[in-house]
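Any read-out appearing in this document is the output of simple, stated calculations on the displayed coordinates, not a laboratory observation. These figures come from a predicted structure and were not determined experimentally. Virtual Cβ from ideal backbone geometry, glycine too; neighbours counted across all protein chains shown.
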Amino acid sequence: MSVVADLGIAFGRVAFVMMFVLNTAAILGWVERKQSAIMQDRIGANRASIFGIRAMGLFHPLADTLKMLTKEDFRPAGADKTLFSLAPFVSVLFALVAFASIPFGDVLHIGDRAIPLQAVTLNVGILYVFAMLSLGVYGVMMAGWSSGNNFALLGGQRAAALMITAEIAIGASVMGVIMVYGSLNMMDIARAQGQLLWGWLPKWGIVTQPLAFILFVTAGIAATKRIPFDFPEGESEIIGYNVEYSGMKFGMFLMTDMVETTVLAGLSTALFLGGWQVPYLLADGFHFPWGSELLLSPLTVTLLQVGSFVTKVAVMIFILMLIRWTLPRFRYDQAMRLGWLGLFPLSILNIVLTGAVLLAWGAR
Amino acid sequence: MGGAVNLGQRFYLREVLSGLGLTAGHFFRNLGKHIAHSLGKKDSRGAVTIQYPEERRPQSPRLRTLHRLVRREDGSPRCVACMMCETVCPARCIYIVADEHPNPEIEKMPQRFDIDLGKCVFCGYCVEACPEDAIRMDTGILEFSAYDRRSMIYTKEMLLSLEPAGVDGRPRSPIPIPPRRNV
């Protein structure tokens, strides 16, 4: 019986994360259209309707999917058949599994069972997320190479170059967070962010590592290959790795972008925005720094934590979308200059500064 | 590297933040207007969009729209087939065949008066040139279309059947349907 319960709980954890990521990615299509429209004094797509119900354009992602599924699945004659078909799946798979080790709540105690609210408990969670995000570029390179199209090949190479630039900056900027919280386990990092600095300031990553936050988000946007770092695709003029794709395979590349945006939002929430922490909320309720207390049941606390995580992810996605619809695209050389001469040295500087501060803090 | 870029601009961050502030300002201002609109404040508009088929831009009364042939009181065309419009037309889209008018006081009348709207450039010279005020471009009709070029040729009967636009600028007659032709 307990094996069945364990399996059920494991399945439930994975299902929650999978549902969260997939549904968020689907809704992001609507969010992207509507947010950009409102930012630009427009209304945005609102014509798709089911029985006359328009629901503010919420059916457009559905209509998009139907369109993608029913379109011709074209494969060029010069393409490598296997890799060409495999590439979008590789691309979307690694983006989907990357969310697995991001915690969305504290350990939940039901009876004598302790359930950590994350899909997979890994003590090297950060490395796992980065490994999966880096593997995602293989799908893109595969797509570029197997299309049998020189423009696609060049796009794939631009994607590979951008990915290396971004991954180095991401890894180096997160080093500071790992040094401050002393763990590679994302659950431990999220829990450590619940401590208070000077008794009132939540010790979130954005407080202790503000420079790393900016560097991480910048490099993270580059890793998702979206505007302003979208020159691997450059759909409007320089065309990229997905130029030969059509139908649902093209749709899967779009979905990869959306899922990666969600993962980036979840990752920056877990590392810099306190993860599932609510300020001053401990396991048994609120303990405010001015001394008052508000005790809550464990289930309420867990719901508050999950709600806090989801809200932070939503805010982060809003910011990412805001950036995507505000900035123009970097040229290839500009992005390389920014990555190698801007983000990377600043990340190293951040590591050195963090080390010095930690040393001074410990010596005091 | 342009020389006019100072250190703050080279560092991107400040400029990026000011740009994000601008777009975020638009977002929240428009979002507030949208919410006010849906709560019943109908004059609060968060977007400049005109929802076209249901909602139309106001048209200037001088706007040149689909032509019509002005009728006499007995319903016959006021046109006397003087060929002025056909002559002045820069697109050469007007084709007139003249005929005797039964009334001896009127010299001629058009037997055929075709306008090829696929060629017409809507310059309004035909209206200017007409000595009889027999052709006008005030129907308010903009959305005529066809599946082939020959159906874009509007005949005398179609042009005679049109009414001028109402005072609100909206068309009062339906868009004429070209007779079915064997292409």
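Points worth noting:
- With a simple spin-label model that places each label point 7 Å from the Cα along the Cα-to-Cβ direction, the separation between residue A:54 and residue A:5 comes to 5.2 nm.
- With R₀ fixed at 41 Å, the C-beta to C-beta distance from residue A:14 to residue A:292 puts the FRET efficiency at about 0.55.
- From helices alone, chain A scores -21000 deg cm²/dmol at 222 nm; the rule is -39500 (n - 2.57) for each run of n ≥ 4 DSSP H residues, then divide by the residue total.
- Loop-located chymotrypsin sites (Phe, Trp or Tyr not before Pro) across region B:91-183 with a Cβ neighbour count of 11 or fewer within 10 Å are B:147, with loop assigned by DSSP.
- Acute angle (nearest 10 degrees) that the helix B:13-38 long axis makes with the longest principal axis of chain B, alpha-carbon atoms: 60 degrees
- Within chain A, longest stretch free of exposed chymotrypsin sites (Phe, Trp or Tyr not before Pro) [DSSP loop, at most 12 other beta carbons within 10 Å]: A:75-197
- Karplus-derived HN-Hα couplings along region B:126-133 (A = 6.51, B = -1.76, C = 1.60, θ = phi - 60°), whole Hz, x at Gly and Pro: 4, 5, 5, 6, 5, x, 9, 6
- Helix A:2-39 axis versus longest C-alpha principal axis of chain A: approximately 60°, rounded to the nearest ten.
- Note on the protein assembly as shown: dipole from Cβ charges, positive end direction compared against B:16, A:60, A:84; the farthest Cα belongs to B:16.
- Checking the Cα-Cα distances for A:34/A:312; B:108/B:156; A:81/A:249; A:312/B:42; A:67/A:225 against a 22 Å cut-off, the pairs over it are A:312/B:42; A:67/A:225.
- Of A:177, A:38, A:151, farthest towards positive along the dipole that unit charges on Lys, Arg, Asp, Glu beta carbons give chain A: A:38
- Taking GluC sites (Glu not before Pro) in DSSP loop states with no more than 16 other Cβ atoms inside 10 Å as exposed sites, chain B has its longest site-free stretch at B:1-53.
- Under 5 Å from the amide H of residue A:107 lie the amide H atoms of A:117, each residue being 5 or more positions distant or on a separate chain, with H modelled from the backbone and absent for Pro and chain starts.
- Couplings 3J(HN,Hα) for region A:299-308, derived from phi with the Karplus relation 6.51 cos²θ - 1.76 cosθ + 1.60 (θ = phi - 60°), are 5, 4, 4, 4, 4, 4, 5, 4, x, 5 Hz, where x marks Gly and Pro.
- A simple rule links phi to the HN-Hα coupling: the Karplus curve 6.51 cos²θ - 1.76 cosθ + 1.60 with θ = phi - 60°, which for region B:59-67 gives 9, 5, x, 8, 4, 8, 10, 4, 5 Hz, with x for Gly and Pro.
- Over chain B, Cα pairs under 8 Å with separation of 6+ residues give a relative contact order of 19 percent.
- Relative contact order (%) - criterion: Cα under 8 Å, at least six apart; region: chain A: 21 percent
- Placing +1 on each Lys and Arg Cβ and -1 on each Asp and Glu Cβ, with no other charges, gives the protein assembly as shown a dipole about its Cα centre of roughly 420 debye.
- Unit charges at the beta carbon, dipole of region B:68-160: most positive-side option, B:109, B:134, B:97: B:97
- Using the Cβ-Cβ distance between residue A:89 and residue A:239 with R0 set to 22 Å, the FRET efficiency from 1/(1 + (r/R0)^6) comes to roughly 0.50.
- Annotation for residue B:22 and residue A:299: the two label points, set 7 Å from Cα along the Cα-Cβ direction, are 5.2 nm apart.
- Label point distance in nm, residue B:99-residue B:43, each placed 7 Å from Cα along Cα→Cβ: 5.6 nm
- Checking every one of the GluC sites (Glu not before Pro) in region A:190-276 against DSSP loop status and a limit of 13 other Cβ atoms within 10 Å picks out A:235, A:237.
- Student exercise, region A:78-363 dipole from Lys, Arg, Asp, Glu Cβ charges, in Debye to nearest 20: 240 debye
- Region B:68-160: relative contact order as a whole-number percent, Cα under 8 Å and 6+ apart: 35 percent
- Calculated mean residue ellipticity at 222 nm for chain B: -7000 deg cm²/dmol, from DSSP H runs with n ≥ 4 weighted as -39500 (n - 2.57), summed, divided by the residue count and rounded to 500.
- Magnitude of the charge dipole, region A:269-364, Cβ model with Lys/Arg +1 and Asp/Glu -1, debye to 20: 500 debye
- Scaled to the globular estimate 2.2 N^0.38 Å, the Cα spread of the protein assembly as shown, given as radius of gyration, is 1.36.
- Given R0 = 35 Å, the distance between the Cβ atoms of residue A:349 and residue A:154 translates into a calculated FRET efficiency of 0.55.
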